[in-house]
Amino acid sequence: MKKVVIEERDNNKHCSVCSRLFRTGEYVVECDCCGAYAHEICYKEHGCGSEECRAISPHFEKTDIVLTKEEVSNVIAVPENTRNPTEYLIKELNKGEKTISKMAVFSTFFSIIVFLISLSLYLTANSNLINIFYFVVFFGGFLSIVFSNISLSLFNKNKKLKGLYLAFIALFFSITTFIGGTVRLILYLHTYQDEKPVSQEINQKRVAEVIEKSAAHIQEPLKSNVSIKSGFGLSQSLGSGVVVKNKDSKTYIITNVHVLTGGSMVSSLDEAKKKAKNLSVTFYNADTQKADILWVAPEGIDLAILCCSTPENYGSSVKIGSSNEIKMGEKVFAIGNPMGLDWTYTEGVVSSFRNKQIGNYEITVIQIQTPLNHGNSGGGLYSEKGNLVGINTWIYEKAQTEGLNFSIAIDELTKYLDSNLLKIINE
């Protein structure tokens, strides 16, 4: 053998043993027998690897190579002037049939489900579900972002995968869910901070002073109105109640069930107690007491009785009347705590009397034109004489209607109330 230097005209030649291409200026050896080129180390270890010398070389086994028809059909021809055959072969192999990414499909499905669940919880607008909404948004949204990023990373590693658009769809829905929940939380906190100063301005001392200067026939209904809070933090609900009796250091209050349970209805007293957490009642004189539920109306009728300790020097209560003492077109007034504006008086007229079927019971509902808002629920509706004739319960959304508000006639309370409680209230 003799050593030679690869010139530029020889840069497409490769080693007869390892098949690697030679570089210009590289020292190689030339076979004395066949003239083939090889790396010096390859030649020393294996001899010349050309077909001519392979047959007589002791370094190579003389075996017959048998290719099947299928193997021949899969042979990839490398063009003569290819500088890097290995890179060429990799590209050719990657041109094969692509399969859809299972991870991309899963992440898309997961992110859309999380988005739809969070959207449905948001549209339900039930304060009892607000914690579930934020859990789905932030925990589910975080998982959606993780899964979609994993699916995107797989496409960088495996060029045979298809469905890249699915991974981007998953990322879009997951980010939308997360951002939507964040915006919802920011708006809530902003609204809460805006409303808080309003409630502070109308402090309890000022409320008591205003009530003392109010018209005589509404003073007792105002003093008998209470503000009710139920729940904790973001899931806290606010509403109104009416004091109907003070006896043996106990105060008995009428309100709506949904004020106590964060908007949901219940079928039993035990169920109401499970859903109503951290119940407190605030009186016009600023005294706040913990309260317990004593009674709920049957089959989802939205009435309940609370009991708490009577504040010191407090003795106000309303006179229970009847819906029979008011007529369509007559004036009525309402007392409640709408939108945190505690101890608010509004007046209007009776629009109609309706019958509403609830389970097996048919109850009387008073349709009123008296302005009501969220927070009035559980508060009292009064005749011009100041007698309690109804408990304010429903309003239609202002965006759809105006002046469609409803109170459950107080007669329904006396009709279904537990006999022992009825005796206490009527004494």
Next on the checklist: Looking only at residues that are crowded, with 22+ Cβ neighbours inside 10 Å and of a type in the set (Val, Ile, Thr) in segment 408-422, which one is nearest to the chain's Cα centre (by Cα)?
Outcome noted: Ile408
Next on the checklist: Restricting to segment 308-329, and then to whatever is among the charged types (D, E, K, R) and under 45 Å from the mean Cα position of the chain (by Cα), can you tell me which residue is farthest from Gly241 (Cα to Cα)?
Outcome noted: Glu312
Checklist outcome for this item: Only one of (1) closer than 28 Å to Tyr361 by Cβ; (2) without any contact (Cβ under 8 Å) to a residue 40 or more places away in the chain does not apply to Gln289, and that is (1)
Item to check | Matching option when the condition is out of contact with any Cys (no Cβ under 9 Å at 6 or more places or on another chain), crowded, with 17+ Cβ neighbours inside 10 Å and either over 30 Å from Leu152 (Cα atoms) or modelled with pLDDT of 85 or more (or both), among Ile130, Ile113 | outcome: Ile130
Checklist entry - So which pairs qualify, if the first residue must be in segment 1-24 and without any contact (Cβ under 8 Å) to a residue 60 or more places away in the chain, the second must be part of a helix (DSSP H, G or I), the Cβ gap must be under 7 Å, and the two must be at least 6 apart or on different chains? => result Met1/Tyr43; Cys15/Cys42; Val17/Cys42; Val17/Tyr43; Val17/His46; Cys18/Cys42; Phe22/Asp10; Thr24/Glu8
Item to check | Those residues of segment 209-247 which are in a strand (DSSP E or B), open to solvent by 30 Å² or more (accessible area, probe 1.4 Å) and at pLDDT below 90, in sequence order | outcome: Leu238
Checklist entry - Quick one: in segment 18-73, which of the residues that are among the aliphatic types (A, V, I, L, M) and assigned to a helix (DSSP H, G or I) is modelled with the highest pLDDT? => result Ile41
Checklist entry - Of Ser352, Ser323, Ser309, which residue is touching a Phe, Trp or Tyr at 6+ places or on another chain (Cβ under 9 Å) and not charged (D, E, K, R)? => result Ser323
Checklist entry - Taking segment 329-352, which residues are in contact (Cβ under 8 Å) with a residue 40 or more places away in the chain and hydrophobic (A, V, I, L, M, F, W, C)? => result Val332, Phe333, Ala334, Ile335, Met339, Leu341, Trp343
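Every residue, every condition in (1) surrounded by fewer than 17 Cβ atoms within 10 Å (Cβ to Cβ); (2) over 30 Å from Ser267 (Cβ atoms), yes or no:
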residue	(1), (2)
Glu347	yes, yes
Val350	no, yes
Asn355	yes, no
Leu381	no, no
Checklist outcome for this item: When every residue in segment 329-343 that is farther than 16 Å from Gln369 by Cβ and open to solvent by less than 40 Å² (accessible area, probe 1.4 Å) is compared, the one modelled with the lowest pLDDT is Gly340
Item to check | Residue ID - least open to solvent (accessible area, probe 1.4 Å), chosen from residues in segment 248-270 that are within 22 Å of the chain's Cα centre (by Cα) and under 15 Å from Asp292 (Cα atoms) | outcome: Thr261
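The values are calculated or read from the model by the stated rules, or taken from the named source; none is laboratory data. Computed from a prediction, not measured in an experiment: that's the story for all the values here. Virtual Cβ from ideal backbone geometry, glycine too; neighbours counted across all protein chains shown. Surface accessibility is based on the protein's heavy atoms, side chains included, excluding ligands, DNA and RNA. Shrake-Rupley method; radii C 1.70, N 1.55, O 1.52, S 1.80 Å.
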